[in-house]
Each structure stands twice: as structure tokens, then as C-alpha cells.
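Novice: Here it is: the structure, laid out below.
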């Protein structure tokens, strides 16, 4: 698969560069991936930069008036890329182990207690691990 295949599969030629996807994108608002520019890049056969900055929230896809699944484009681009950057792999392993991207601090525990919430534990991580194991990830 290459950019030409992705363009054809997702009908990227329908893009009119209106920018609605970019307006909806939280990553773009903070200097990350710019969805309409990424679509334009793929349309001309180039892999856009910063594909790993996409949060995969699908807001771009939901907002697109042409019904282009921009988030799926990002997923396909990641699949044909040279590999996942190390910083994302570290976060993914942390999520697998604990269910969180960062460790819960004592301050967080105190705040949860003050709000009457139960302590954050690894019970949710266990459920997540079962799903990920079933899907064959990670290969530790």
C-alpha cells in the first residue's frame, strides 16, 4: 500500500480544502498535524509530516463535509510508515502496564479522595490488557 492506494481507497480527491477538518482538530490547534494539509500531501503522493501527532479522536472525519475519513487516512499512513517513534512506544507500554499514560501521583490520589472518588487502581488496566492481549499486542 502507498499514498496512491490510500488516496483511492478513501476518495481523497473529493477534498475541497475547506479547512473544516483542521478547525475541528485539537492537535492542529496546538501545533500538531494539520489535517487538510495532510490530505493534500497524500493526494499528490507524499507522506505528510507529523502523522504521529494525530490523536485519533476522529473529530476531523466527523466534521468533513465531503465525508472523508481523515482519521482512517492517518491510521493507514501509520501502518505503512517506517515504524512507531520511540516516545509513542514508551507511552503505549505504560498504558498496557498501568492503564494510564502517566503514573498516578499522591496528589492525584488525594484529589480523588477529596472528590469522593474511588482510588485509581489497575482494575481498568486488567480489562485493557485482556483486550490488547486478544488483539496480539504488545509483543513484549
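Novice: How big is segment 86-135 in terms of Cα radius of gyration and Dmax, in angstroms?
Specialist: 12.7, 37
Novice: With an 8 Å cut-off on Cα pairs and a minimum separation of 6 or more residues, tell me the relative contact order of the chain in percent.
Specialist: Working: 144 pairs, mean separation 26.1, N = 140.
After rounding, I find 19 percent.
Novice: Turning to a different aspect of this structure: Using only Cα atoms, tell me the angle between helix 123-134 and the longest principal axis of the chain; keep it within 0 to 90° and round to the nearest 10.
Specialist: 50 degrees
Novice: For helix 70-80, what angle does its Cα long axis make with the longest principal axis of the chain, in degrees from 0 to 90 and rounded to 10?
Specialist: The angle comes out at about 80 degrees.
Novice: Taking a cut-off of 20 Å, what percent of all Cα-Cα pairs in segment 3-80 are separated by more than that?
Specialist: Values: 497 of 3003 pairs.
The answer is 17 percent, as a whole percent.
Novice: Can you match semi-axes √(5λ) of the Cα gyration tensor in Å to one of these, (1) 34, 19, 13; (2) 52, 16, 11; (3) 24, 20, 14, based on a calculation from the structure here?
Specialist: The listed entry that was calculated here is (1).
Novice: Mean residue ellipticity at 222 nm from the helices of the chain, using -39,500 (n - 2.57) per DSSP H segment of n ≥ 4 over the full residue count, to the nearest 500 deg cm²/dmol? Numbers along the way, then the final one.
Specialist: Values: 9 runs with 76 residues, N = 140.
It lands at -15000 deg cm²/dmol.
Novice: So what's the angle, to the nearest 10 degrees on a 0 to 90 scale, between helix 86-98 and the longest Cα principal axis of the chain?
Specialist: 40 degrees
Novice: Using alpha carbon centroids, what distance separates segment 72-133 and segment 7-64, in Å?
Specialist: A separation of 25 Å, based on Cα centres.
Novice: For a quick protection proxy, order the peptides 28-37, 97-106 by their average other-Cβ count within 10 Å, most packed first.
Specialist: Sorting 28-37, 97-106 by mean packing, highest first, produces 28-37, 97-106.
Read-outs: derived from the displayed coordinates by stated rules, not from any lab. Note that the structure is predicted; figures quoted are calculated from it, not measured. A quick note on method: Cβ atoms are made from the backbone with ideal geometry, for glycine too, and the neighbour counts reach across all protein chains shown.
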